Amino acid sequence: MNTHAEADGSGPDSRHLLQLLQAMLRIRRFEERCAELYMEEKIRGFLHLYIGEEAVAVGVMQALTAEDAVIATYREHGHALARGLDMKAVMAEMFGKAGGSSRGRGGSMHIFDKNKRFYGGNAIVAGALPMAVGMALADKLQGHKRVTCCFFGEGAAAEGEFHESLNLAQLWRLPVLFVCENNRYAMGTALAISESEQRIFKKAESYGLVAREVDGMQVAAVEAAARECCEAIRQGGGPRFLECLTYRFRGHSMFDTQLYRTPEEVEQWQQKGPIVQLRQRLEQSGELDEARWQQLEQAVRLELNEAVSFAEQSAFEPESELCRGVYQEPEA
Ligand SMILES: Cc1ncc(C[n+]2csc(CCOP(=O)(O)OP(=O)(O)O)c2C)c(N)n1
């Protein structure tokens, strides 16, 4: 994380860019495997894939330290992996197994790891925003110099919680980084037919927040923007709002006929996907060749195979444990 700039300050160095590429590839391949495992019914329940949006989680995560907190939506596998959760624990959680990050109780939508300060995995649209504000308020009151980073989709802007959270965060100058992942659709509802103001960062500005948009398909641009935001927050500048313009290549969840968009539109976006773009950039500058790419793929494949076997071998929680954590345990 400290190799992001060249000595002369001219931009990200190639070693760092290769790490970012690998981080995005790791998320991409993880989710592609999850889609297959879902079809085999090894993963059940809901499954919302992040494919196409990897540059957002990977880019923003570079600007955060282990002390900072991260909170996300139900489309959070990418955030969890980019945050450094063990892929085995994430995969076991997808399987609903006891070795999972939430002991298999949360599944795909509720990945959680207190040690990594990764607070989900939240199924309610905009639900993470008030939690982020509360966590940042606690930090401010306790004098901690850390950032709470909150990821959410553009659909959240249609919820009251979005507006209430932005208002309080700015009023109380709280250390929150709001990251809007604008992939243009909230389930089957296009932003263009649901919001009179489609530039979500403008809504944030109306509450007085310093807000900006960034190309969410360019991981280095996302990283640079997130670093700028985090620096300002750490210096006590109050909350920042970053709108990342991105696109999801797959359906909203595994159940989606996608009648709201054309295959041509998806194809056009795929051509400017975050992995494709960075790969081309590194190839053109002579930093990446086919052999190196295959090495990256192989490393991801090995980690993924291990994660799947770990998840397969992990047990389900015993029935006797089912009520644990549901009610307060009686005092002895
Ligand atoms: C309060 C609430 N209302 C409705 C839903 C059903 N729902 C789940 S995802 C979703 C769309 C959200 O879209 P967006 O915020 O843009 O995120 P994306 O799925 O595009 O990442 C809706 C309406 C929900 N989970 N919570």
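The values are calculated or read from the model by the stated rules, or taken from the named source; none is laboratory data. Since we're looking at a predicted model, the values are computed, not measured. Cβ atoms come from the backbone with ideal geometry, glycine included; neighbour counts cover every protein chain shown. Keep in mind that these areas ignore ligands, DNA and RNA; they rest on the heavy atoms of the full protein, side chains included. Shrake-Rupley method; radii C 1.70, N 1.55, O 1.52, S 1.80 Å.
Select from region 102-135 the residues that are within 14 Å of the ligand (Cβ to nearest atom) and either of a type in the set (Val, Ile, Thr) or assigned to a helix (DSSP H, G or I) (or both) and list them in ascending order.
Keep residues of region 102-135 that are within 14 Å of the ligand (Cβ to nearest atom), which gives 108-110, 120-131.
The answer is SER108, MET109, ILE124, VAL125, ALA128, LEU129, PRO130, MET131.
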Considering residues that are farther than 14 Å from GLY104 by Cα and not in a helix (DSSP H, G or I), the number found within region 289-316 is 1
Got a number for residues in region 54-85 being under 9 Å from the mean Cα position of the chain (by Cα) and hydroxyl-bearing (Ser, Thr, Tyr)? 1
Kindly indicate whether any position in region 83-101 is in contact with an Asp or Glu (Cβ under 6 Å, 6 or more places away or on another chain), within 16 Å of the ligand (Cβ to nearest atom) and either assigned to a helix (DSSP H, G or I) or open to solvent by 10 Å² or more (accessible area, probe 1.4 Å) (or both). no
Check off (1) part of a loop (DSSP other than H, G, I, E, B); (2) more than 16 Å from the ligand (Cβ to nearest atom); (3) more than 17 Å from LEU37 (Cα to Cα) for GLY59 and give me the number that stays unchecked. (1)
Would you confirm whether or not region 268-284 contains a residue that is in contact with a strand residue (DSSP E or B) (Cβ under 7 Å, 6 or more places away or on another chain), β-branched (Val, Ile, Thr) and either modelled with pLDDT of 95 or more or open to solvent by 50 Å² or more (accessible area, probe 1.4 Å) (or both)? no
List the residue pairs whose Cβ atoms are under 7 Å apart, where the first residue sits in region 272-298 and is within 13 Å of LEU20 (Cα to Cα), the second is assigned to a helix (DSSP H, G or I) and modelled with pLDDT under 95, and the two are 6 or more positions apart or on different chains. LEU282/SER14
Return only the number of the condition from (1) closer than 20 Å to VAL70 by Cα; (2) assigned to a loop (DSSP other than H, G, I, E, B) that VAL214 does not satisfy. (2)
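If you take the residues of region 194-206 that are charged (D, E, K, R) and open to solvent by less than 40 Å² (accessible area, probe 1.4 Å), which of them is farthest from the ligand (Cβ to nearest atom)? I'd like the intermediate steps shown before the answer.
If we filter region 194-206 for residues that are charged (D, E, K, R), which is where we start, we get 195, 197, 199, 202-203, 205.
After this cut, where a residue has to be open to solvent by less than 40 Å² (accessible area, probe 1.4 Å) as well, the list is 195, 203.
Numbers: GLU195: 11, LYS203: 14 Å.
This residue is LYS203.
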Residue selected from region 208-261 under the condition of a type in the set (Val, Ile, Thr) and open to solvent by less than 20 Å² (accessible area, probe 1.4 Å), by the criterion nearest to the ligand (Cβ to nearest atom): THR246
Looking at region 285-305, which of the residues that are among the acidic types (Asp, Glu) and surrounded by 10 or more Cβ atoms within 10 Å (Cβ to Cβ) is farthest from CYS34 (Cα to Cα)? GLU287
Cβ pairs under 7 Å, 6+ apart or interchain, first in region 147-159 and free of Cβ contacts under 8 Å to residues at least 24 places away in the same chain, second of a type outside the set (Lys, Arg), ordered by first then second residue, are none
Restricted to region 36-56 and to residues being assigned to a loop (DSSP other than H, G, I, E, B), open to solvent by less than 10 Å² (accessible area, probe 1.4 Å) and of a type in the set (A, V, I, L, M, F, W, C), the residue nearest to the ligand (Cβ to nearest atom) is LEU49
Which residues, counting only those in region 139-193, are within 12 Å of the ligand (Cβ to nearest atom) and assigned to a loop (DSSP other than H, G, I, E, B)? GLU159, ASN183, ARG184, MET187, GLY188
